[in-house]
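All remarks here apply to the structure that follows.
The values are calculated or read from the model by the stated rules, or taken from the named source; none is laboratory data. Being a predicted model, the structure only gives us computed values, none of them experimental. No Cβ is skipped: glycine too gets one built from the backbone with ideal geometry, and neighbour counts run over all protein chains shown. Side chains included, ligands, DNA and RNA excluded: accessible areas come from the protein's heavy atoms. Shrake-Rupley method; radii C 1.70, N 1.55, O 1.52, S 1.80 Å.
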Amino acid sequence: MAVAIAAGKVWRPNRGLSQAAVLLLWRPGARGLARSHPHRQQQQFSSLDDKPQFPGASAEFIDKLEFIQPNVISGIPIYRVMDRQGQIINPSEDPHLPKEKVLKLYKSMTLLNTMDRILYESQRQGRISFYMTNYGEEGTHVGSAAALDNTDLVFGQYREAAVGAAYAAKRANANRVVICYFGEGAASEGDAHAGFNFAATLECPIIFFCRNNGYAISTPTSEQYRGDGIAARGPGYGIMSIRVDGNDVFAVYNATKEARRRAVAENQPFLIEAMTYRIGHHSTSDDSSAYRSVDEVNYWDKQDHPISRLRHYLLSQGWWDEEQEKAWRKQSRKKVMEAFEQAERKPKPNPNLLFSDVYQEMPAQLRKQQESLARHLQTYGEHYPLEHFDK
């Protein structure tokens, strides 16, 4: 497996990512070397020392029996732009975003954090039924989304269709990319491997964005895989891959922006593994204290939080201060509470919507279920709070 260092030629369209950042693109070798060409006459070799001509791989002959070790290198490095104090490590990697955009990143991250706290508490109060927080992962969400175009397709769920949508965009020459978000736990599913292979062989403009946050619900990464994370799987499928510091919003932004540019320009998939940590419980149905220590969670919350890192950057630039921080925290909480209370006043959706928005023409089996529900509510409707539902 060849390693290509992303220097100016690879990662510098106008500004790009420099060699000094040790940003690595792990690629399977020159594209096309492993493909067979039925119309091309293969060259004949007479010497046993000549290169192999097998159509299934690009390799050399060896005369010593040796199995490939799982960890042939020390590990794929993690690309970052800022250190934990919010200082730019390599000036050439600074995305040079204007003040307004950096403030928008920060406010989006903190607003998401505020929303998490309010909705998590609301679930505990019985006002909503279920919620999943984003504590500690705000940099991956906001940094990657900021690098996309408005026409791009985002698959945060129902990820089975991501690759097919990208292939359709390629066929339509739509000049758009598909981004598919998933965790390292989902990367163990068969659908992920099938998606990787289809995307590579069909040369689809898609970004596979993996948030490696340490846990698949309660299963730690040490029990999920034995290899070098998720980015190491990309080269095996012929996918350009990179590992980034997910708590560094600038690193996530740079990597996603460049992956998007190249995915559209070159019609090929990219895999981004964003290393982060899930500070909150997996969901309101989970109690993470049963499988990890409080000290572990506190370390990431206090020492390496993506919001704290960006705040340090803003303070060092003179773009933010403590008074602005207090005012924004108060304002963001008010915005979330107003939206939440407004939503609570709205009636719940009509029960018939359970059966719509899937098929253009409702199939017979689904129509029977709808009719069964109608009969049930007609008989036992007094036991349901139907007055809270839209008519």
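Determine whether the stretch 244-264 contains at least one residue that is at pLDDT 95 or above, part of a helix (DSSP H, G or I), more than 13 Å from the chain's Cα centre (by Cα) and hydroxyl-bearing (Ser, Thr, Tyr). No. Scanning the stretch 27-77 for residues that are of a type outside the set (A, V, I, L, M), at pLDDT below 80 and touching a Ser or Thr at 6+ places or on another chain (Cβ under 6 Å) yields one hit, 29. Restricting attention to the stretch 265-305, the residues that are touching a helix residue (DSSP H, G or I) at 6+ places or on another chain (Cβ under 6 Å) and among the aliphatic types (A, V, I, L, M) total 4. If the condition is being within 22 Å of residue 140 (Cα to Cα) and among the hydrophobic types (A, V, I, L, M, F, W, C), then the stretch 278-318 contributes 279, 297, 300, 307, 310, 314, 315.
For the stretch 366-376, the count of residues that are open to solvent by 100 Å² or more (accessible area, probe 1.4 Å) and aliphatic (A, V, I, L, M) is zero. Once the stretch 198-228 is narrowed to residues that are closer than 26 Å to residue 280 by Cβ and charged (D, E, K, R), the residue that is least open to solvent (accessible area, probe 1.4 Å) is 211. Do we find a residue being open to solvent by less than 20 Å² (accessible area, probe 1.4 Å), at negative phi and among the small types (Gly, Ala, Ser) anywhere in the stretch 242-253? The answer is yes; a qualifying residue exists. The set of residues from the stretch 382-391 being modelled with pLDDT of 90 or more and exposed (fewer than 10 other Cβ atoms within 10 Å of the Cβ) comprises 382, 383, 385, 387, 388. The helices (runs of 4 or more DSSP H) found wholly in the stretch 86-177 and carrying at least 1 residues that are under 22 Å from the mean Cα position of the chain (by Cα) and surrounded by fewer than 16 Cβ atoms within 10 Å (Cβ to Cβ) occupy 99-124, 162-171. Counting residues that are open to solvent by 20 Å² or more (accessible area, probe 1.4 Å) and more than 26 Å from residue 246 (Cα to Cα), which helices (runs of 4 or more DSSP H) fully inside the stretch 268-358 reach at least 2? Once the helices (runs of 4 or more DSSP H) in the stretch 268-358 are filtered for at least 2 residues that are open to solvent by 20 Å² or more (accessible area, probe 1.4 Å) and more than 26 Å from residue 246 (Cα to Cα), what remains is 322-345. Taking the criterion of being within 30 Å of residue 121 (Cβ to Cβ) and aromatic (Phe, Trp, Tyr), would at least one residue in the stretch 350-361 satisfy it? Taking every residue of the stretch 350-361 in turn, none turns out to be within 30 Å of residue 121 (Cβ to Cβ) and aromatic (Phe, Trp, Tyr).
Only one of the numbered conditions (1) assigned to a helix (DSSP H, G or I); (2) under 21 Å from the mean Cα position of the chain (by Cα); (3) not charged (D, E, K, R) is not met by residue 75, and that is (1). Filter the stretch 96-129 down to the residues that are modelled with pLDDT of 95 or more and of a type in the set (A, V, I, L, M, F, W, C) and list them by number. Answer for the stretch 96-129, where residues must be modelled with pLDDT of 95 or more and of a type in the set (A, V, I, L, M, F, W, C): 97, 102, 103, 105, 109, 111, 112, 115, 118, 119. How about the stretch 178-191: which of its residues are in a helix (DSSP H, G or I) and open to solvent by less than 20 Å² (accessible area, probe 1.4 Å)? The answer is 187, and nothing else.
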